[in-house]
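K.L.:
This structure is in structure tokens; I'll ask about it shortly.
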Amino acid sequence: MKHAHFGHQDKILLLQHGCTDLLTLAQRRGAPLHKLLAGTGIFEQDLHKPHGRLHHADWLKLLHNSQQHLNSPELPFLLGSALLQNRYISLCQTVLHAENLSQALRQLYYFRHHLFPSIYVQLCSQPQHLVLEFHSGIALGPQNNSCISIVLSLLLNLIKQQLGNTEGVSVQLQHDTATAVQSQLHWGCEVVANQASNSLHIALPKLQLPFHTADKAKCTAALRTCRQLNRILPRQRGLLERIYRLQRRALPQLLSLEQVAQQLDISVNTLKRQLKQQKTNFAQQLDAIRRDAARQLLQQGHYSNRQLAIRLGYSDEHNFRRAFKRWTGLLPSNFKSLLNSPSL
């Protein structure tokens, strides 16, 4: 069965799942409602509809308008916290009443399309940490960093609220140092800038610590509502995520352009056109998939360059080493040494 992927013009978000929270935060800081809604397809009367929906492009425009009128870098951090506390968002109620962080993360992962349909997560297990890498399923442009910050803020506020601290938790960001310093002030954990990916690192013992607001009955009731919402909030995936997942499953072979188009049930020309709309191309996607897989393999275990080359579909280890140096500026051996550094 073929599954459609969504784009910016799909009506896939509930107005009550972030839009109203963002507007409230912006209006409290003096931004007029008509300017916040300018350029979107959202009308004031829509905001009061229980199941009113909006296009993803409108959500990005609303986020842009709010940041432009307020010039407030703290907005994504505040919004992540506001989403977590919103009693009308059943997913957040599920998370708050979960047994522990492990259960909460599973529910967020499964129902993430309710709040963050444009973001997807790659899970990577390390000897002492669970790593969550955050990627964009569709091209988000300048709002990419903001969307990632909102997701991380929700998760880190959850950890602090339920477990009392962020000990054993750290964040790696692709952002610059100034942004990382500001993030560290808001999140209260170690934040490392200029990294290859945006990721959250959680010490394994923290996953099983009990939440102080755990409530099985409330969690079950909220989960029931989440499942009902799936009828109007379909679990569509962005084009970039669909390609990423197809190719990761195919490694080390990797699928051709024609094979991916066939899997997506579209023509080759349509796939090329859609990738161009996402400001990327097929070769760049293949490169990114191999890059991320290489980093994750190096984080997970002790692989030789030859083993890594085989697992990633390279003809020999020389080609792999050259590609890794291009991706990271480091040789694989230097990257492994950096991973083992006490500062990380």
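K.L.:
Averaged over every viewing direction, what's the projected area of the C-alpha convex hull for the stretch 18-83? Give it in nm², one decimal, please. Intermediate results must be reported in sequence, preceding the final value.
P.N.:
Numbers: hull surface 16.5 nm².
Over every viewing direction, the Cα hull of the stretch 18-83 projects on average to 4.1 nm².
K.L.:
Using only the C-alpha atoms of the stretch 1-133, find the volume of their convex hull and express it per residue in Å³.
P.N.:
Spelled out: Cα convex hull of the stretch 1-133, divided by residues, is 141 Å³.
K.L.:
For the stretch 25-41, in order, what is each residue's ³J(HN,Hα) by Karplus, 6.51 cos²θ - 1.76 cosθ + 1.60 with θ = phi - 60°, in whole Hz (x at glycine and Pro)?
P.N.:
4, 5, 5, 4, 9, x, 7, x, 4, 5, 6, 5, 8, 4, x, 9, x
K.L.:
Return the Rg/Rh ratio of the stretch 100-148 with Cα-based radii and a Kirkwood Rh. Working shown, then result.
P.N.:
Working: Rg = 12.1 Å, Rh = 12.0 Å.
In the stretch 100-148, Rg relative to Rh is 1.01.
K.L.:
Let's test the formula: R0 of 51 Å, r as the Cβ-Cβ distance of S304 and E44. What FRET efficiency results, to the nearest 0.05?
P.N.:
Values: r = 62 Å, r/R0 = 1.21.
Using R0 = 51 Å, I get an efficiency of 0.25.
K.L.:
What does the charge count near Y303 come to, summing +1 for each Lys or Arg and -1 for each Asp or Glu among other residues with Cβ under 10 Å from its Cβ? Write down the numbers at each step before the final one.
P.N.:
Details: positive: R306, R311, K336; negative: none.
Local charge sum for Y303: +3.
K.L.:
For the stretch 275-316 and the stretch 160-206, write down the distance between their C-alpha centroids in whole Å.
P.N.:
Centre-to-centre (Cα) distance: 25 Å.
K.L.:
Here is a follow-up. Multiply the residue gap between Q128 and A283 by 0.36 nm, knock off their C-alpha separation, and tell me the result in nm, one decimal place. Spell out each step's value before the answer.
P.N.:
Values: separation 155, 0.36 × 155 = 55.80 nm, distance 3.42 nm.
So the chain would gain 52.4 nm between Q128 and A283.
K.L.:
Here's something else I'd like to know. Please work out the ratio of the alpha-carbon Rg of the stretch 237-339 to 2.2 N^0.38 Å and round it to two decimals.
P.N.:
Taking the Cα Rg and dividing by 2.2 N^0.38 Å, one obtains 1.15.
K.L.:
Check cross-link reach from K35 to the aspartates and glutamates: straight Cα distance under 19 Å, and skip same-chain residues fewer than eight apart.
P.N.:
Counting by Cα, and skipping residues close in sequence, K35 has these aspartates and glutamates nearby: D21, E44, D46, D58.
K.L.:
As an exercise, use a Förster radius of 45 Å and the Cβ-Cβ distance of K35 and R273 to find the FRET efficiency, rounded to the nearest 0.05.
P.N.:
Step by step, r from the Cβ atoms, then E = 0.85.
K.L.:
With the convex hull built on the Cα atoms of the chain, state its orientation-averaged projected area in nm².
P.N.:
Working: hull surface 71.0 nm².
Hull-based average projected area comes out at 17.7 nm².
K.L.:
Under 21 Å Cα-Cα from K279, which lysines qualify once same-chain neighbours fewer than 8 residues away are excluded?
P.N.:
Excluding near neighbours in sequence, the set is K61.
K.L.:
Report ³J(HN,Hα) in whole Hz for each residue of the stretch 69-74, in order, from the Karplus equation J = 6.51 cos²θ - 1.76 cosθ + 1.60 where θ = phi - 60°; Gly and Pro get x.
P.N.:
Each residue of the stretch 69-74 in turn: 6, 9, 6, 10, x, 7 Hz.
K.L.:
Ok, one more. Please list the three semi-axes, largest first and in whole Å, of the ellipsoid equivalent to the stretch 63-132, using sqrt of 5 times the eigenvalues of its alpha carbon gyration tensor.
P.N.:
On the way: eigenvalues 130, 56, 27 Å².
So the equivalent ellipsoid measures 25, 17, 12 Å along its semi-axes.
No lab work stands behind these numbers, since they all come straight from the coordinates. Bear in mind that the values here come from a model prediction, so they are computed numbers and not experimental data. Don't worry about glycine lacking a Cβ; one is built from the backbone with ideal geometry, like all the others, and counts go over all protein chains shown.
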